[in-house]
Amino acid sequence: MFFPGHRILGTQDLENPLDVTAIHFDYPSPALLEPLQELKPVRPSWPNLFETWLSHATSLAAFEADWQPTCEHLLACAILDLLRYPSRFGEPRHASAFRALASEIYHSPEQTWTIEKMCAITHVSRSALHEGFLAMFSVSPIAFVIAARLETAESLLRESQLTVSEIAEALGYRDVFYFSRQFKRERGISPSAFRRLSTGDSSQTM
């Protein structure tokens, strides 16, 4: 957030492009924000901050006649919260290491991704790994691995002729029944049923 008079500088990293949302506004009660004028600009990276506010604003505009003051107040509250607790919304330490690990997991979900292995790759503690993944991806490291495996499983079920057992083995599962239970728990449907619905093929092999 920048106040009037702040000098705004920025650089672009072509390997890590950014999506930037900017909102310019005049708040009708500037006294509320005056104590914050001396704060340094912060770099929020919480992706849902303004999207959430805009969603509320849209709903209020549709259902309330005098919606503008309420919307302005919601925005001010969101900004105050961001400035009070910038660490909640900023990128965690080792963010680039977490992104690199997530990419590796996504492209090689069949590997044995233990917490110990992920900590060794990123050079962080177990707690830092867990907190970093929650902050950046909203899931734990193990949940991220499961999601990557199941997304790949869905593609293989739709597009390949591999059996469910072969898909489970290809994704690092030693037990096809464990894979099937995990798939059904996360997707609400068994792998065989998913394949039938996706391909229209009534025949299926475990």
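The values are calculated or read from the model by the stated rules, or taken from the named source; none is laboratory data. Values in this document were obtained by computation on a predicted structure and should not be read as measured data. Don't worry about glycine lacking a Cβ; one is built from the backbone with ideal geometry, like all the others, and counts go over all protein chains shown.
Structure above, values below:
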{"item": "Residues of region 97-116 classified as free of Cβ contacts under 8 Å to residues at least 24 places away in the same chain and either part of a loop (DSSP other than H, G, I, E, B) or among the small types (Gly, Ala, Ser) (or both), total", "result": "4"}
{"item": "Flag for Glu110 being surrounded by fewer than 16 Cβ atoms within 10 Å (Cβ to Cβ), under 17 Å from the mean Cα position of the chain (by Cα) and on the phi < 0 side of the Ramachandran plot", "result": "no"}
{"item": "Flag if Ala193 is of a type in the set (Gly, Ala, Ser) and closer than 29 Å to Phe133 by Cβ", "result": "no"}
{"item": "Scan of region 159-186 for residues that are of a type in the set (Gly, Ala, Ser) and within 15 Å of Ile146 (Cβ to Cβ), ordered by number", "result": "Ala168, Gly172, Ser180"}
{"item": "Failed item, numbered, when Ser125 is tested on (1) surrounded by 14 or more Cβ atoms within 10 Å (Cβ to Cβ); (2) more than 25 Å from Pro191 (Cα to Cα)", "result": "(1)"}
{"item": "Pick from region 148-206, criterion more than 26 Å from Glu104 (Cβ to Cβ), in a loop (DSSP other than H, G, I, E, B) and under 26 Å from the mean Cα position of the chain (by Cα), ranking: modelled with the lowest pLDDT", "result": "Gly188"}
{"item": "Boolean, Phe89 is modelled with pLDDT under 65, surrounded by 15 or more Cβ atoms within 10 Å (Cβ to Cβ) and on the phi < 0 side of the Ramachandran plot", "result": "yes"}
